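Asks: Below are the structure tokens for one structure; questions will follow.
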Amino acid sequence: MKVARDVVGVLGDAERPVVAAALLHDVGKLGCGLGTMGRVVATLAIAGTSRSTLEAWAGGRGFTGRVGRYFCHPESGALLLEAAGSDAFTVAWAREHQNPSGSWSVDARLAEVLAGADR
Ligand SMILES: [Fe+2]
């Protein structure tokens, strides 16, 4: 909610898909099966593990499976939002929000506001 409030605070009368992106960009984390402490450990594990290994883990079981699904949350969230009929902007931001600044396909000004509100 703070991210959405910050986005509306910066953009004023923000468009609905942008506010939805602020609220829903991490929806893919819901399916990873990790609580707060698990996410802390997963973040450390992700830092020391290759992308290909993490992606392979995502289809597996146990803690490494949960870490892999946590790592893949942008794509899984985007797929959920797509299936729900979300706006293309909302879907794109879910998919790209963890990518480096400047590599986003969405409007750069809106992306910077969203990324800034999420820090
Ligand atoms: Fe995220």
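Asks: Any chance you could list P(r) for the stretch 17-58, counting all Cα-Cα pairs in 5 angstrom bins from zero, rounded to whole %?
Replies: Final binned percentages: 5, 18, 21, 24, 16, 11, 4.
Asks: What FRET efficiency comes out for the pair Thr49/Ala88, r = Cβ-Cβ distance, R0 = 41 Å, nearest 0.05? All intermediate terms of the calculation are to be shown ahead of the outcome.
Replies: Details: r = 31 Å, r/R0 = 0.76.
Once the sixth-power term is evaluated, E becomes 0.85.
Asks: Which whole number in µm²/s is D for the chain by Stokes-Einstein, with the Kirkwood Rh taken over Cα pairs at 10 °C and 1.306 mPa s?
Replies: Result for D is 108 µm²/s.
Asks: Would you calculate, for the chain, the mean residue ellipticity at 222 nm contributed by helices, counting each DSSP H stretch of 4 or more residues as -39,500 (n - 2.57) and dividing by all residues, to the nearest 500?
Replies: -19000 deg cm²/dmol
Asks: Over the Cα atoms, compute the radius of gyration (one decimal) and Dmax (the largest Cα-Cα distance, rounded to a whole number) for the stretch 69-119, in Å.
Replies: Cα radius of gyration and Dmax of the stretch 69-119 are 10.7, 29 Å respectively.
Asks: For the chain, find the longest principal axis of its Cα atoms and tell me its angle to the long axis of helix 62-71, 0 to 90°, nearest 10.
Replies: The helix 62-71 is inclined about 30 degrees to the chain.
Asks: While we're on this one: Enumerate the calculated ³J(HN,Hα) couplings along the stretch 105-115 in order (Karplus 6.51 cos²θ - 1.76 cosθ + 1.60, θ = phi - 60°), each rounded to whole Hz, writing x wherever the residue is Gly or Pro.
Replies: Coupling constants for the stretch 105-115: 8, 7, 3, 5, 5, 5, 4, 5, 5, 4, 5 Hz.
Asks: Separate question: Using the Karplus curve 6.51 cos²θ - 1.76 cosθ + 1.60 with θ = phi - 60°, what ³J(HN,Hα) values do you get for each residue of the stretch 32-48, in whole Hz, with x for Gly and Pro?
Replies: Karplus-based 3J(HN,Hα) across the stretch 32-48 equals 7, x, 10, x, 4, 5, x, 5, 5, 5, 4, 4, 5, 5, 4, 4, x Hz.
Asks: While we're looking at this one, here's another question. Defining a contact as two alpha carbons under 8 Å apart and six or more residues distant in sequence, what relative contact order in percent does the chain show?
Replies: Reported relative contact order: 32 percent.
FYI, it's all coordinate maths here, none of it is from the lab. All of these numbers come straight from a predicted model, not from anything done at the bench. Glycine also receives a Cβ, built like all others from the backbone with ideal geometry; neighbour counts cover every protein chain displayed.
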